[in-house]
1. Can you pull out the strands (runs of 3 or more DSSP E) entirely within region 1-57 that have at least 3 residues that are over 12 Å from Tyr71 (Cβ atoms) and over 39 Å from the mean Cα position of the chain (by Cα)?
2. What's the total number of residues in region 106-129 that are out of contact with any Phe, Trp or Tyr (no Cβ under 9 Å at 6 or more places or on another chain) and either surrounded by 14 or more Cβ atoms within 10 Å (Cβ to Cβ) or at pLDDT 85 or above (or both)?
3. Given the condition more than 23 Å from Lys6 (Cα to Cα), touching a helix residue (DSSP H, G or I) at 6+ places or on another chain (Cβ under 8 Å) and at pLDDT below 95, answer yes or no: does some residue in region 68-87 qualify?
4. Only one of Glu94, Glu40 is free of Cβ contacts under 8 Å to residues at least 24 places away in the same chain, closer than 30 Å to Tyr128 by Cα, out of contact with any Phe, Trp or Tyr (no Cβ under 6 Å at 6 or more places or on another chain) and not hydroxyl-bearing (Ser, Thr, Tyr). Can you tell me which?
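The values are calculated or read from the model by the stated rules, or taken from the named source; none is laboratory data. Note that the coordinates shown come from a computational prediction; the quantities given were computed from them, not determined experimentally. Heads up, the Cβs are rebuilt from the backbone with ideal geometry, glycines too, and the neighbour counts pull from every protein chain shown.
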Amino acid sequence: MIKIQKEAVTKRYREDGIYEETIIQFHYDTEKEKLKHSREMQEKGFEDSGQVRENIGDMLHPEYVWFGSYYKHIKVEDTKLPDMREKVKEYISELDTEIDRCTKLVEDKMKELKDSNVIKSYTNGVGYVRMESRLQTLTEIKNDLQSRLEELV
């Protein structure tokens with residue numbers, strides 16, 4: 001009769017991913033039973049450790065039983081780093097969105113202030129200068145990132 005003795009599941013963290021290691025150990029009444037079960041476990045993707053007998057007694061009074069230990073490693077998570085070019089393209093897209101938003105704010109404010117004297121005072125004001133500076137900085141960052149991306153290709 002097949003008797004499970006121990007089952008252990010361990011996660012191993014490696015550079016390329018997280019692996020789950022499962023070890024299952026059994027005792028058997030006969031060698032034939034052990035061999036048949038070994039084939040079944042291998043069909044399920046487990047490897048046989050090769051050990052066939054185990055001492056369940058002590059050193060002075062050994063008592064050997066048929067034994068099987070099976071293990072399997074499964075990759076459960078990939079820890080590869082993302083493609084940084086894709087991240088940069090995503091960031092450039094976000095910069096485009098912010099540039100469009102800032103440009104629209106300035107244009108809307110200009111439409112609101114149709115009187116040329118008011119527009120002149122607005123364009124000389126601190127808020128307008130800050131927005132223009134922000135737009136210029138965002139555009140420079142975007143252009144720099146795009147040129148770096150082109151260099152990588």
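1. Details: elements: 3-14, 17-28, 53-55.
Result: 53-55.
2. Number satisfying all stated conditions: 2.
3. Going through region 68-87, the residues more than 23 Å from Lys6 (Cα to Cα) turn out to be 77-87.
Subset that is touching a helix residue (DSSP H, G or I) at 6+ places or on another chain (Cβ under 8 Å): 85.
The next check asks that each one be at pLDDT below 95; those that pass are 85.
So far as region 68-87 goes, yes, one or more of its residues are more than 23 Å from Lys6 (Cα to Cα), touching a helix residue (DSSP H, G or I) at 6+ places or on another chain (Cβ under 8 Å) and at pLDDT below 95.
4. Glu94
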